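The values are calculated or read from the model by the stated rules, or taken from the named source; none is laboratory data. No experiment lies behind these values; they were computed from the predicted model shown. A quick note on method: Cβ atoms are made from the backbone with ideal geometry, for glycine too, and the neighbour counts reach across all protein chains shown. Surface accessibility is based on the protein's heavy atoms, side chains included, excluding ligands, DNA and RNA. Shrake-Rupley method; radii C 1.70, N 1.55, O 1.52, S 1.80 Å.
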Amino acid sequence: MGKVFEVPLYPYQRSADQDAAAPVRHPVVVVGAGPVGLALAIDLAMQDVPVVVIDENDKVSWGSRAICFAKRPLEILDRLGCGDPMVDKGVIWNLGKVYFDERQVFGFNLLPEQGHKRPAFINLQQYYLEQYLVERARELQRQGKPIELRGGSKVVEVSQDEGGAELTISTPEGPYQIKADWVVACDGAASPIRTMMGLDFLGRVFEDNFLIADVVMEAKFPTERWFWFDPPFNRGQSALLHKQPDNVWRIDFQLGWDIDRTEELKRENIDRRLRAMLGEEISYELEWSSIYTFQCRRMDRFHEGRVIFAGDSAHQVSPFGARGANSGLQDADNLAWKLKLILDGTSPLTLIKSYDAERVHGAEENILNSSRSTDFITPKSEISRIFRDAVLDLSERYEATRPMVNSGRLSVPCTYDGSPLNSDDCAAMPERTRPGSPMVDAPVPGGWLLDQLKTGFHLLTIDEDAPDTLEVSGVALNRLALSTSDDAEGYLKQRYLGEAQKAVYLVRPDQHVASRWDHYDETAVRVALLKAIGR
């Protein structure tokens, strides 16, 4: 593992911008080369939008950090060209178990239906994702795509006017300035950009602490998510066990609020907790440890003029539920195509407001679920604890109480209900693919549905005629024609037709549904596409 952290993947190199007589202007500057910033930059470069990524580091992040990547983000990574190495390296899992004391009270399957390319979740250390994203960026550079990574470079000042932003960047060879039409701050929860602009979060900080321990060991535990309430090895608290690649296991221990962090992070105290859980006979190596506090907060809005915030710089949630990196990747997925249309002059500047509308909605959904999980995991009163424990007891015998058990509602894709970009709907069709929803994958002739919807706007038709191409205000709309005669398992009917005999779906570049009909109407399609691009 040391080699992953030690090798600079994007070391500092002097840029031509540092020798320019005046600050050079770039269409997009992304601050932060973590998963969100790199994914956004790759998406923009694939659409031929020039992008510069600035980061004071030059290596992948230290420690596993985010480890659980959900089905929808894996589909986004497929579109960006790095889904396969993620799944090939990752630990695939769909099953989870919840324990109260030493008893299993129930188990769950996150992907009980068939007909999907990707699993419900994989576990993979964040440093591997970052490595694959950097490798993909280098591949795009070799193809001549306009993406540049500048390591060893720290943004120390930001200012803006109506036409763009100016950044002062500190380097080993001194500072320089660049300008940008748009700056996207993907610089983490502590976001220096947010601080420089005098902006802050709204929300809650929960009074509890959790210890993360990444442990290398040979263990025979199954590849499942195990969560304990009040286990004998951590009385009155909770614990979590997850498997990662390379025989690394993520173990979380709830500690309580009034703790001495320095003492808790001492090797002997971590070892004491691990031995109580694993037993004296298991040999292990402690790879990484950290203590975190639950926070469920977000910015009031995710853009301020020409500076946009994405990922942890815009919102924070507790880690139970795997909603951090997964929601950040969905931020990038939502933003890239909108910046492309604005920079091309196809859409007005006001299209950026839909990023706020949709991703603030997504953050609110995540914060609501994360807050509920935290309240269940860490009861704030004796009455709350009695209620929580009664629910756990009943869940062992009664299925009706199991939905009340909340060990972290796991990340699901956000549906943008009420989005200003949504249009017509057809009530006869399935609710899960209504306007605002991400497309649901399905096997189709030649492979998988989402693999055929990777670039630009699409018109998906099922048993209905329509033109193969259509152009609306400079936006190309390409048709994907499917037939239920090729769908022996009935996935198209289940996921896209419902009670309708035919279907026409307008699909956005981020694979979300904009509109749908039970027949083709060119006028309706044109009107819906204009609305989807903010016109």
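General remarks:
- Odd one out for HIS519 among (1) under 25 Å from TRP337 (Cα atoms); (2) free of Cβ contacts under 8 Å to residues at least 60 places away in the same chain; (3) in a loop (DSSP other than H, G, I, E, B): (1)
- Residue within region 201-217 that is outside any strand (DSSP E or B), open to solvent by less than 10 Å² (accessible area, probe 1.4 Å) and more than 23 Å from LEU110 (Cβ to Cβ) present: no
- For region 478-527, residues that are farther than 26 Å from LEU80 by Cα, small (Gly, Ala, Ser) and modelled with pLDDT of 95 or more total 7.
- Of everything in region 425-445 that is farther than 24 Å from GLN114 by Cβ and of a type in the set (Gly, Ala, Ser), the residue that is most open to solvent (accessible area, probe 1.4 Å) is ALA427.
- Within region 6-57, the set of residues being more than 18 Å from LEU129 (Cα to Cα), touching a residue at least 12 places away in the same chain (Cβ under 8 Å), open to solvent by 50 Å² or more (accessible area, probe 1.4 Å) and among the acidic types (Asp, Glu) comprises ASP48, GLU56.
- Scan of region 413-441 for residues that are hydroxyl-bearing (Ser, Thr, Tyr), assigned to a loop (DSSP other than H, G, I, E, B) and under 21 Å from the mean Cα position of the chain (by Cα), ordered by number: THR415, TYR416, SER419, SER437
- Test: residue in region 390-399 that is in a loop (DSSP other than H, G, I, E, B), out of contact with any helix residue (DSSP H, G or I) (no Cβ under 8 Å at 6 or more places or on another chain), of a type in the set (Lys, Arg) and free of Cβ contacts under 8 Å to residues at least 12 places away in the same chain: yes
- When restricted to residues that are open to solvent by less than 10 Å² (accessible area, probe 1.4 Å) and under 16 Å from the mean Cα position of the chain (by Cα), region 297-312 contains 4.
Okay, residues lined up against (1) under 22 Å from GLY311 (Cα atoms); (2) assigned to a helix (DSSP H, G or I); (3) among the aliphatic types (A, V, I, L, M):
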position	(1), (2), (3)
TYR10	yes, no, no
ASP17	no, yes, no
ALA22	no, no, yes
VAL30	yes, no, yes
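- Residue match in region 446-457 (condition: at pLDDT 95 or above, in contact with a helix residue (DSSP H, G or I) (Cβ under 6 Å, 6 or more places away or on another chain) and surrounded by fewer than 19 Cβ atoms within 10 Å (Cβ to Cβ)): no
- Pairs with Cβ under 6 Å, 6+ apart, first in region 446-475 and within 19 Å of LEU492 (Cα to Cα), second surrounded by fewer than 21 Cβ atoms within 10 Å (Cβ to Cβ) and β-branched (Val, Ile, Thr): ASP463/THR484
- Restricting attention to region 503-535, the residues that are among the charged types (D, E, K, R) and buried (at least 23 other Cβ atoms within 10 Å of the Cβ) total 2.
Residue-by-condition table, conditions (1) modelled with pLDDT of 95 or more; (2) under 30 Å from ARG235 (Cα atoms); (3) touching a Ser or Thr at 6+ places or on another chain (Cβ under 9 Å):
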| position | (1), (2), (3) |
| --- | --- |
| ASP84 | yes, no, no |
| ASP88 | yes, no, no |
| LEU95 | no, yes, yes |
| GLN114 | no, no, no |
| VAL134 | yes, no, no |
| GLU139 | yes, no, no |
| LYS145 | yes, no, no |
| GLY163 | no, no, no |
| THR168 | yes, no, yes |
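- Remark: pairs (first residue in region 141-152, more than 16 Å from SER15 (Cα to Cα); second residue assigned to a loop (DSSP other than H, G, I, E, B) and of a type in the set (D, E, K, R); Cβ separation under 8 Å; 6+ apart in sequence or on different chains) = LYS145/ASP48.
- Residue among ALA363, ALA325, ALA357, ALA332 that is touching a residue at least 40 places away in the same chain (Cβ under 8 Å), under 16 Å from the mean Cα position of the chain (by Cα) and either in a loop (DSSP other than H, G, I, E, B) or farther than 30 Å from VAL405 by Cβ (or both): ALA332
- Residue within region 374-389 that is under 30 Å from GLU304 (Cβ atoms) and part of a helix (DSSP H, G or I) present: yes
- THR223, sole failed condition from (1) in a loop (DSSP other than H, G, I, E, B); (2) within 23 Å of the chain's Cα centre (by Cα); (3) of a type outside the set (Lys, Arg); (4) under 30 Å from MET299 (Cβ atoms): (4)
- Close pairs from region 63-89: first under 19 Å from LEU44 (Cα atoms), partner aromatic (Phe, Trp, Tyr), Cβ under 6 Å, at least 6 apart: CYS82/TYR132
- The combined condition, being more than 30 Å from VAL28 (Cβ to Cβ), among the small types (Gly, Ala, Ser) and surrounded by 22 or more Cβ atoms within 10 Å (Cβ to Cβ), is not fulfilled by SER327.
- Of all residue pairs spaced 6 or more apart or on separate chains, those with beta-carbon atoms under 6 Å, a first member in region 269-289 that is open to solvent by less than 50 Å² (accessible area, probe 1.4 Å) and a second member that is assigned to a loop (DSSP other than H, G, I, E, B) and among the aromatic types (Phe, Trp, Tyr) are MET277/PHE233.
- Checklist (1) under 25 Å from VAL60 (Cα atoms); (2) open to solvent by less than 50 Å² (accessible area, probe 1.4 Å); (3) modelled with pLDDT of 95 or more; (4) among the small types (Gly, Ala, Ser) applied to GLY188, failing item: (3)
- Of the residues examined, ASP258 is not one that is outside any helix (DSSP H, G or I), of a type in the set (Asp, Glu) and in contact with a strand residue (DSSP E or B) (Cβ under 7 Å, 6 or more places away or on another chain).
- Those residues of region 222-248 which are crowded, with 21+ Cβ neighbours inside 10 Å, more than 16 Å from SER373 (Cα to Cα) and hydrophobic (A, V, I, L, M, F, W, C), in sequence order: VAL248
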